[in-house]
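Worksheet: one structure, shown below.
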Amino acid sequence: MTTEIAPRDVTPPPLQAPTAKEKKYDRQLRLWAASGQRALEDSHVLLIVGDEYQGSNSSVAGVEALKNLVLPSVGSFTIADSAQVTVSDLGVNFFLDSDSLHKSRAEETRRLLSELNPDVTGHAITTPLAEWLPVEGSLKPYNLIIACAPIPSEILQRICFYALQSSIPAIYVQSAGFYASFSIQLPSAFPIVDTHPDPESTQDLRLLAPWPELDAAVDSLGDISSLPDHDHGHIPYILILLYFLREWKANHNGNSPSTFKEKTEFRDLVRSRARVDNPEGGEENFDEACAAVLKSITPPPIDSGCKEMMAMHLCTSLSSDSANFWVIANAIKQFYETHGVLPLPGSLPDMKATSAEYIKLQSLYKAKARSDVAEVTTTVRHTESLLSRETTIPESEIEAFCRNASHVRVLTNPAHEPFPSLRLGSGDHKTISRIASLLENDWEALLPVFVGLNARANPSSPLDVTALTSDPELLETLTKATAEVERVSGGELHNISSVIGGMVAQEAIKLLTRQYVPVDGTCVFDGIRSKSGVYKI
Amino acid sequence: MSIPISSLLTNGSATPARERWTYLDRVLSTTSPYAGEEFVPGEETIDALESSRVLVIGAGGLGCEILKNLALSGFKDIHVIDMDTIDVSNLNRQFLFRESDVGKSKAEVAAAFVEQRVPGVKITPYNGKIQDKDEEYYMQFKLVICGLDSIEARRWINATLVDMVDMGNPESLKPLIDGGTEGFKGQARVILPTLTSCIECQLSMHAPRAAVPLCTLATIPRQPQHCIEWAHIIAWEEHRKGETLDTDDPEHITWLYNTALARAKEFNIPGVTYSLTQGVVKNIIPAIASTNAIIAAACCNEALKIATSCAPFLENYMMYTGDSNDSGLYTYTFAAEKKDDCPVCGNLSQDITIDPEMRLEEFLASLAERAEAQLKKPSIRTEAKTLYVQAPKSLEEQTRPNLSKKMKDLVSDGEEVGVAEAAFQISFKFRLVFGK
C-alpha cells in the first residue's frame, strides 16, 4: 500500500467542508440535491382558505402542508384566510396558541409557522377572497397555489383559470373527519427530466448493441480459457457476457438469445465455463454474469414516457420561444432516429474486478456517454442558431437530460381540465360519467371517499348518487361515505389533515423542484381503513 | 341501510371546556356504521381517551410529529423517551426544536414545547435509553408508539412487550404502533404482542444492506464507498489505534475523508466527497418533514382508534411510497403474517440451512447479514454445551477454540441451537439444517 496517510496533527481542513446551510439541510439534499434546493428556495407558495365558514375549512390540512414546506426552506409563503381564530380551531391546529383567539387566522398561523425557519419569509392576506382575488395581477407572485376546500365555485374557477393560463400547478385539498383528498391541476404540459427512477430498473449496458470501443475491450481479452486463475476470476461480468454472446451468435446464425428459454440456455453456457477447480470452488464474477443474464441481455431500453414525449407536437415543432426542455427533447429525438438508441447514460454498476480493469471499463462507458452528449449538444446548438434563440442552453442541462433520457416524462393536461371537484360542482356530465365508470373497477372501494367529500360540491343541489351507479351495494357504500362526511360538518381530525398535508407537501416539492413524478389526478385517503388510492377523474 | 343524517349530528353546543375539542367530539360523540360494536359514542369514550397513559419512544423526526398529533387527538397523559440531544441537521424536520436548542435533550425540549402549546396535556420526558426501564415501567401504559430510526431499539421493545404478555391478565397486552421512514417512503404498523405478527416476524422485510467484502476494501477498491470504508475500518485502526472514532467529530470525519480521497487518487476512483464520507460512515438515511408527517399521523390515527374504538384499527401494515414513477404515490395495506418460527413470538425454532464444512466463526459472522437474524455479536449454545460466548472474558477465552472448528464437528444435522445477543434479552432458537 502506498497510500499516504495524513498524520493527525496536520489534518488539513477539507476542501469541501459543508456550509452551515448544507449541514442544516443535509438529510434532504441527499434526495433532491443543490439544484432541487435552489428551485425550492426560489418558490413562493400561496395557501388559500375558503371564506364560507364550514367547520375548519380544511385549513389544518393546508397549514400542515405549509409546515412541511417551511421546514425544508421554501422561499416564501402567503396564507390567504379571512377567518378569525375560534376556540375550536385551537383544538385542531397546532400553529395557533391561546393568544391567537379571535385574531386573524392567516396572521396567527403565519406568525407561528415563521418561527420554524428563519430562512423563510411568510405573508398573510386577511381580506375576503372576493375582494383581493379579482384584482389584476393578484396571483402573479406565486408559482404554486394550494386551495383548501370548500371554496365557492366562482372563486375556484378563477384560481383554476389563472393557474392554467400562467402554466403553474395548483392543488385542491379536502379534509373532513376520517376522509381526505387532494387533486392536482397541471399546466398543459409538465416535463420532468430528473424523475429519480429506481436504479435497479435503469441499467443500460448495451450488451446487445456494443459500440466499437466496447467491442475492442472484448477483443483484448483474447482466449479467456488460457488466462491464469486470478485474471480469469477478475474479468468484469459485462465483458464475460459480451465474450460468450459472440460464441452464442456464432452458433445461432448471428442471433442473440431472445426468448426466456434461449436466455436460460445462454446462462447455462456461461455457468459451464466458470472455473470450479480453484481454491474458492467457483468464481464470483461468473456468478454475477449468470445473475445478470435475464435482466441485461435486452435491447437498449426506452421507456414509454420518452416515446410519448418524442411524439408530442411541442417536441416536433419548435419555435424560438420553445422551452429549453423541448429544444433538447428534439435533439434527443434526432439522435434516436439516427442511431436507433438513446444517448448512453454512462453509469456502471459495481462488479467483481480488479480496480484497474473496473476503472478502465467505467471510463469506456463514461467516454461514450460524453461523446453522445457532445453529439446532442451539436444538434441543440444548430437548432438554437436556426431559431435565432438569444440564450444558449447550459451544457449541464443537456448532460442531465442525456443521462436520464429514457426516463424523462411529460405529464399533460391537454383539455385544460380544472379540479374534478369544480367540474362536479357544476354538474359536468363528462365528470359524472367518468366517476361512474371508475366506480365499476374500483376494487379497493376508495372512490366513494371522494364522492362523499364532494357530495356538496354544489351547495344548492347535493350530488345525486343514483346518477353514479345502479348497483344497490355500491349505492349503499356511497350513501354511507356521504353520511360519514356529513356527521362531522366540515370538522377536521388533526391526524387525517396531517397525513394529507404531508402528501400535499411531497407533491408540492416534486412540482417545485421538477424532480420525481407527481400524482397526475386525484388522491384520496381513507383514515378508517388506512388506505389510499389515485384516480384520474 | 340508510342513515338519517339528522340523528347523527350533535345537538346543542358544547360546554366551554369542551369547545376546544368540537371537531374531535363530532367523531367521538356520533355513531358511524364503520365503528366497532364496542364503540360507545360520547362521554364514556372521551373519558377513556383522556385517562389513557401512552408512551412515545423517540422524540426525533417522527417523535415530534407524534407528540403534536397525540396532544391534538385528545390524549392527556403522554410519556416520551429519547436519549439523544438536538443536532443542527435535525432542524429541517424536527419542528419542535430551534437553533438555540442545539445540544439540549430532545425528549425534554419536545415535551415542554407541546405542553406549552396545547394546554391541559401532560407530557413526561425521560432523557435516556429504553433499556434503562423495566417491565413494571412499561406495564403502566395503555399503548406504545415508536418513532425510531434504529432496528435494534425496535427489536428490544418488541421483545419486551411480547415477554410481558400474561394470558391471564388482558391489561398486560400493550399494543405497539411502529412508524419508520426513509426518504419519500415509510411504513406504519400495528402489533398486538403475541396475537399478531411482530417486528421480529417481519424482520426479513427490512433486510440489511450487504456488506462489502473486506478483501475488496483491502485490495481491489472500485467505488468511492470502498475507499471510505477502507479509511473507516482499516486505516483508522492502523493509524489512530486506541482512539475511539466519533462520527460527530468534524476532525475525525475530515481525517477519514482525506484518507479516503488519497486512496481514491491512488486507484483513479472518482467521487469521494465530504458529504459521501459522512453518509457512508454515519450510515445516514435521507429524511424529510413531509414523510415523517404522513407516517406519524397514520400511527396516531391508529392510536386514537385503538383508545376509543371509534373505527377499526389497522390490521396490520401500511406501506407508503411517495416516489413512485408510475402513480406518484401509493400505499399498500396488508396483514403481515405471524410466524410460528418467529424467535420472539413463535413457539417453533427457525430453520437455517448451513454448509457443514463452514467454521463456527464464519457461521456467526453470517448471522449479521442473514435477513432473518441480523445479529452482530452473537453467543451460541446447544442444549448440551456452550459453543461460544462473547462475555465474560474468561468464558470467551474458554470457548474461543471452537471458533475455528467446523460446524459438522460441533452440531448434528437438524440440531437446535440457542443464539443470544447482549442487545436483546431474548434468545433466538434456530434449527441448523446441513446443506450448501
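The values are calculated or read from the model by the stated rules, or taken from the named source; none is laboratory data. Here the structure is a predicted model, which means the values were calculated and not measured. Every residue, glycine as well, gets a Cβ built from its backbone with ideal geometry; the counts of neighbours run over all protein chains shown. Ligands, DNA and RNA are excluded from the accessible area calculation, which covers all protein heavy atoms including side chains. Shrake-Rupley method; radii C 1.70, N 1.55, O 1.52, S 1.80 Å.
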Can you name the number of the only condition in (1) without any contact (Cβ under 8 Å) to a residue 24 or more places away in the chain; (2) touching a helix residue (DSSP H, G or I) at 6+ places or on another chain (Cβ under 8 Å) that A:Ala292 fails? (1)
Only one residue in B:Glu50, B:Glu19, B:Glu43 is surrounded by fewer than 18 Cβ atoms within 10 Å (Cβ to Cβ) and closer than 14 Å to B:Cys310 by Cα. Which one? B:Glu43
Does A:Thr354 fit the bill of being open to solvent by 10 Å² or more (accessible area, probe 1.4 Å), within 14 Å of another protein chain (Cβ to nearest Cβ) and in contact (Cβ under 8 Å) with a residue 60 or more places away in the chain? yes
What's the number of the condition A:Ala65 fails, among (1) in a loop (DSSP other than H, G, I, E, B); (2) crowded, with 22+ Cβ neighbours inside 10 Å? (1)
Can you list residue pairs whose Cβ atoms sit under 8 Å apart, with the first residue in region A:187-201 being within 18 Å of A:Cys315 (Cα to Cα) and the second being small (Gly, Ala, Ser) and in a loop (DSSP other than H, G, I, E, B)? Count only pairs 6 or more apart in sequence or on different chains. A:Pro187/A:Ser167; A:Ser188/A:Ser167; A:Pro191/A:Ala323
Filtering region B:370-388 down to residues that are crowded, with 19+ Cβ neighbours inside 10 Å, hydrophobic (A, V, I, L, M, F, W, C) and either more than 23 Å from the chain's Cα centre (by Cα) or not assigned by the TED database to the domain that holds B:Ala422 (or both) yields B:Ile380, B:Leu387
Given region B:347-435, what helices (runs of 4 or more DSSP H) lie entirely inside it while holding 3 or more residues that are touching a residue at least 40 places away in the same chain (Cβ under 8 Å)? B:360-369, B:407-410
Restricting to region A:396-420, name every residue that is hydrophobic (A, V, I, L, M, F, W, C) and open to solvent by 20 Å² or more (accessible area, probe 1.4 Å). A:Ala400, A:Ala415
A:His102 versus (1) in a loop (DSSP other than H, G, I, E, B); (2) open to solvent by less than 40 Å² (accessible area, probe 1.4 Å); (3) within 14 Å of chain B (Cβ to nearest Cβ): which is the lone unmet condition? (2)
Across region A:306-334, what is the total count of residues that are open to solvent by 10 Å² or more (accessible area, probe 1.4 Å) and part of a helix (DSSP H, G or I)? 13
Tell me, please, whether a residue that is more than 30 Å from B:Asn169 (Cα to Cα), assigned to a helix (DSSP H, G or I) and not hydrophobic (A, V, I, L, M, F, W, C) can be found in region B:208-215. no
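Okay, residues lined up against (1) farther than 25 Å from B:Gln131 by Cβ; (2) outside any helix (DSSP H, G or I); (3) among the charged types (D, E, K, R); (4) free of Cβ contacts under 8 Å to residues at least 40 places away in the same chain:
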{"position": "B:Val54", "(1), (2), (3), (4)": "no, yes, no, no"}
{"position": "B:Ala59", "(1), (2), (3), (4)": "no, yes, no, no"}
{"position": "B:Leu62", "(1), (2), (3), (4)": "no, no, no, no"}
{"position": "B:Glu65", "(1), (2), (3), (4)": "no, no, yes, no"}
{"position": "B:Leu70", "(1), (2), (3), (4)": "no, no, no, no"}
{"position": "B:Ser73", "(1), (2), (3), (4)": "yes, yes, no, no"}
{"position": "B:Ile78", "(1), (2), (3), (4)": "no, yes, no, no"}
{"position": "B:Ile81", "(1), (2), (3), (4)": "no, yes, no, no"}
{"position": "B:Asn92", "(1), (2), (3), (4)": "yes, yes, no, no"}
Of the conditions (1) part of a loop (DSSP other than H, G, I, E, B); (2) open to solvent by 20 Å² or more (accessible area, probe 1.4 Å); (3) facing chain B (nearest Cβ under 10 Å), A:Pro518 satisfies every one except a single condition; which number is it? (2)
If you check A:Asp526 against the conditions, is it in contact (Cβ under 8 Å) with a residue 24 or more places away in the chain, closer than 23 Å to B:Ser73 by Cα and assigned by TED's automatic domain parsing to the domain that holds A:Phe77? yes
If you scan region A:89-98, which residues turn out to be part of a helix (DSSP H, G or I) and either within 17 Å of A:Asp51 (Cβ to Cβ) or at pLDDT 95 or above (or both)? A:Asp89, A:Leu90
Given (1) outside any helix (DSSP H, G or I); (2) crowded, with 19+ Cβ neighbours inside 10 Å, where does A:Thr379 come up short, assuming only one miss? (1)
Of all residues in region A:460-475, count the ones that are within 23 Å of B:Val27 (Cβ to Cβ) and surrounded by fewer than 16 Cβ atoms within 10 Å (Cβ to Cβ). 1
So B:Phe113, is it closer than 19 Å to A:Leu112 by Cβ and not polar (S, T, N, Q): yes
Applying the selection to region A:212-255, what residues are in a loop (DSSP other than H, G, I, E, B) and surrounded by 13 or more Cβ atoms within 10 Å (Cβ to Cβ)? A:Leu221, A:Leu227, A:Gly233, A:His234, A:Ile235, A:Pro236, A:His252
Quick check: is even one residue across region B:75-86 at pLDDT below 95, among the aliphatic types (A, V, I, L, M) and open to solvent by 10 Å² or more (accessible area, probe 1.4 Å)? no
State yes or no: is A:Leu411 in contact (Cβ under 8 Å) with a residue 40 or more places away in the chain and either of a type in the set (S, T, N, Q) or more than 28 Å from B:Phe267 (Cα to Cα) (or both)? yes
Picked from region A:118-160 (must be outside any loop (DSSP other than H, G, I, E, B) and under 25 Å from the mean Cα position of the chain (by Cα)), the residue farthest from A:Ser421 (Cα to Cα) is A:Leu144
Residue within region A:295-304 that is closer than 29 Å to A:Lys366 by Cβ, touching a strand residue (DSSP E or B) at 6+ places or on another chain (Cβ under 9 Å) and assigned to a loop (DSSP other than H, G, I, E, B) present: yes
Out of the residues in region A:69-99 that are over 30 Å from A:Gln28 (Cα atoms) and of a type in the set (Gly, Ala, Ser), state the one that is surrounded by the fewest Cβ atoms within 10 Å (Cβ to Cβ). A:Ser98
Single residue of region A:418-453 satisfying the filter (part of a loop (DSSP other than H, G, I, E, B) and at pLDDT 95 or above) that is farthest from the chain's Cα centre (by Cα): A:Leu446
Looking only at region B:157-171, how many residues end up being at pLDDT below 95 and either in contact with a strand residue (DSSP E or B) (Cβ under 6 Å, 6 or more places away or on another chain) or surrounded by fewer than 20 Cβ atoms within 10 Å (Cβ to Cβ) (or both)? 9
Name the residues in region A:52-95 that are small (Gly, Ala, Ser) and at negative phi, would you? A:Ser56, A:Ser59, A:Ala61, A:Gly62, A:Ala65, A:Gly75, A:Ser76, A:Ala80, A:Ser82, A:Ala83, A:Ser88, A:Gly91
Is one or more of the residues making up region B:26-40 facing chain A (nearest Cβ under 9 Å), aliphatic (A, V, I, L, M) and open to solvent by less than 10 Å² (accessible area, probe 1.4 Å)? yes
